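Heads up: the structure comes next, in structure tokens.
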Amino acid sequence: MAGLLAAALAQSGSSVVLDLAHRLASPWPEWTPDPGGGLASIPPHQPLSRRQVHAAASRLPALGGAHWQVLTDTREWSAPPLAPVDDPAAWHQLAAVGSWQAVVADTAHPMGHDIVAARTAGRSGATASWCALPFSVPVVCVAATASGMRALETALKAATAEGLPLERMVVALVSTADGRLPPPVQAGKTMIEPRVGSLVHVPYDQQIRTYGLRDVTRLGSRSLQAADQLARAVLSSAHASWGDPLPVAATPAALPLPIQLAQPVPEKVSP
């Protein structure tokens with residue numbers, strides 16, 4: 001869903017996916033026909049320019065000749081793992097250096113477990129930290145199955161108890177097979193829809209199942225329509241919360257070591 005959303009948002013402005021999964025658990029390194037330098041090329045704890053960050057990002061095609069980008073680990077599978085950066089503020093800072101208009105964080109943590117574990121430990125979890133970032137719209141992906149709907153219901157209960165912004169949340173209900181939604185899923189959809197900002201049904205697409213998101217221009221019309229609906233839902237949620245047009249995003253302050261990924265430096269302008 002992160003790729004579909006970024007590709008759809010690229011029709012309105014520059015967009016990027018931040019790949020937070022570990023190298024060998026992520027599909028993104030295999031889905032980048034035009035790879036950049038990758039996350040390993042970004043020097044930690046050093047000032048960066050917009051040019052350097054964009055050189056690290058991979059490019060993927062979107063509709064209408066546009067493109068979108070992905071910041072992922074493009075090295076060989078046998079390369080030593082990168083040190084994990086779990087602080088959402090550090091990723092926010094890196095995205096701010098890149099100056100993208102839309103940033104999609106492809107997180108890898110289970111939402112419900114994260115909320116309950118953080119609540120038990122008396123700390124702020126990853127889900128709450130991502131939701132607290134400026135102009136953040138949480139997008140939750142769930143399989144269109146009975147078990148998927150039960151997991152979503154539990155996660156929403158946990159999010160409600162923690163006071164997370166369900167009114168901003170967009171749920172992507174992803175079909176795992178072609179055909180109509182099963183009755184338990186349809187019933188769950190009816191109950192959940194009024195509790196969140198939007199719910200978008202993403203139909204089954206054999207192209208995605210077979211080839212992933214290497215080229216969204218080859219997807220079926222139903223998938224492209226769902227991607228557009230997803231982008232519209234996210235933008236509508238943001239506008240309802242912060243206004244239309246959105247205010248100018250503030251530049252984040254530099255983070256203290258050792259979690260700082262990058263800090264912006266002025267671009268050199270040729271005369």
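The values are calculated or read from the model by the stated rules, or taken from the named source; none is laboratory data. Source: prediction; values computed, not measured. When we count neighbours, we look across all protein chains shown, and the Cβ atoms used for this are built from the backbone with ideal geometry, even at glycine. With ligands, DNA and RNA removed, areas are computed over all heavy atoms of the protein, side chains included. Shrake-Rupley method; radii C 1.70, N 1.55, O 1.52, S 1.80 Å.
Values as computed for the structure displayed
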{"quantity": "Residue selected from the range 179-232 under the condition among the small types (Gly, Ala, Ser) and touching a Leu at 6+ places or on another chain (Cβ under 8 Å), by the criterion surrounded by the most Cβ atoms within 10 Å (Cβ to Cβ)", "calculated": "Ala227"}
{"quantity": "Residues of the range 117-154 that turn out to be open to solvent by less than 50 Å² (accessible area, probe 1.4 Å) and touching a Ser or Thr at 6+ places or on another chain (Cβ under 9 Å), as a count", "calculated": "10"}
{"quantity": "Subset of the range 65-107 (residues that are within 25 Å of Thr251 (Cα to Cα), in contact with a Lys or Arg (Cβ under 7 Å, 6 or more places away or on another chain) and at pLDDT 95 or above)", "calculated": "Gln69"}
{"quantity": "Failed criterion for Ala161 (all others in (1) of a type in the set (Gly, Ala, Ser); (2) in contact with a strand residue (DSSP E or B) (Cβ under 8 Å, 6 or more places away or on another chain); (3) more than 25 Å from Ser236 (Cβ to Cβ) hold)", "calculated": "(2)"}
{"quantity": "Residues of the range 118-158 that turn out to be closer than 19 Å to Val104 by Cβ, free of Cβ contacts under 8 Å to residues at least 40 places away in the same chain and in a helix (DSSP H, G or I), as a count", "calculated": "3"}
{"quantity": "Qualifying residue in the range 159-176 (condition: in a loop (DSSP other than H, G, I, E, B), under 24 Å from Leu4 (Cα atoms), open to solvent by 20 Å² or more (accessible area, probe 1.4 Å) and of a type in the set (S, T, N, Q))", "calculated": "yes"}
{"quantity": "Scan of the range 181-211 for residues that are in contact (Cβ under 8 Å) with a residue 40 or more places away in the chain and over 15 Å from Ala143 (Cα atoms), ordered by number", "calculated": "Val196, Gly197"}
{"quantity": "Candidate set: the range 1-28, residues that are hydrophobic (A, V, I, L, M, F, W, C), out of contact with any Leu (no Cβ under 9 Å at 6 or more places or on another chain) and in a loop (DSSP other than H, G, I, E, B); chosen: the one surrounded by the most Cβ atoms within 10 Å (Cβ to Cβ)", "calculated": "Leu20"}
